[in-house]
1. In degrees, nearest 10, range 0 to 90: what is the angle between the Cα axis of helix 94-103 and the longest Cα principal axis of the chain?
2. Excluding residues on the same chain fewer than 8 positions from LYS32, give the aspartates and glutamates whose Cα lies under 15 Å from its Cα.
3. Where in segment 80-110 does the label zone of SER14 land, with the point 7 angstrom along Cα→C-beta and an amide N cut-off under 17 Å?
4. Tilt of helix 105-133 relative to the longest C-alpha principal axis of the chain, in degrees (0 to 90, nearest 10)?
5. Which FRET efficiency value, to the nearest 0.05, do you get for GLU3 and LYS46 by plugging their Cβ-Cβ distance into 1/(1 + (r/R0)^6) with R0 = 30 Å?
6. Between GLU128 and ASP102, what length comes free when the chain is fully extended (0.36 nm per residue of separation minus the Cα-Cα distance, one decimal in nm)?
7. Could you give the alpha-carbon Rg of segment 3-133 over 2.2 N^0.38 Å, rounded to two decimals?
8. Take each of the peptides 47-60, 23-36, average the number of other beta-carbon atoms within 10 Å over its residues, and list them starting from the highest.
Amino acid sequence: MNENDRQSVYAYCSAVKLAAEEVLFDYDEPGKALYFIEKGRLAVHKFTGFQKKMQVVALLDKGSIAGESAVLQNHCHKTKVTAIEESKLLSLTSEKYQTLHDEQPELACRFLGYLLNVTSLRLEKTSERLAQIL
């Protein structure tokens with residue numbers, strides 16, 4: 001997405017502030033929104049399968065997104081996301097995405113392409129890491 005598209009999507013968003021160590025969303029919590037990181041850093045935690053221990057599997061910086069599945073489907077998170085430092089985010093709920101889709105379908109289509117690209121890159125990186133472990 002170009003800068004004009006980003007700003008147009010951001011117009012449908014609400015501001016969210018997190019303190020250091022604050023939880024954005026928890027494992028098995030229903031997804032409520034997609035989050036754009038404007039400032040700060042988030043850690044993505046996933047269960048290891050060993051006595052309910054969690055491991056940080058990703059760090060998300062300014063410009064990244066979190067919780068993207070929540071925009072498109074009824075989804076329960078399979079990760080826990082916490083702020084590493086004070087962070088400022090923009091939240092796009094599924095309801096606001098639907099409004100965007102109704103009001104600006106071409107922009108919504110470009111936004112979906114952006115989400116598909118991000119998801120594809122994350123899957124590629126995960127596959128690379130898995131191949132190194134095996």
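Readers should treat all values here as calculations from the given coordinates under stated rules, not as data from a laboratory. Worth saying up front: this structure is predicted, and the values here are computed from it rather than measured. No Cβ is skipped: glycine too gets one built from the backbone with ideal geometry, and neighbour counts run over all protein chains shown.
1. Tilt relative to the chain: about 30 degrees.
2. GLU68, GLU95
3. Within reach of a label on SER14: 88-100.
4. So the inclination is approximately 10 degrees.
5. 0.40
6. Here the answer is 5.6 nm.
7. 1.08
8. By packing density, highest mean first, the sequence is 23-36, 47-60.
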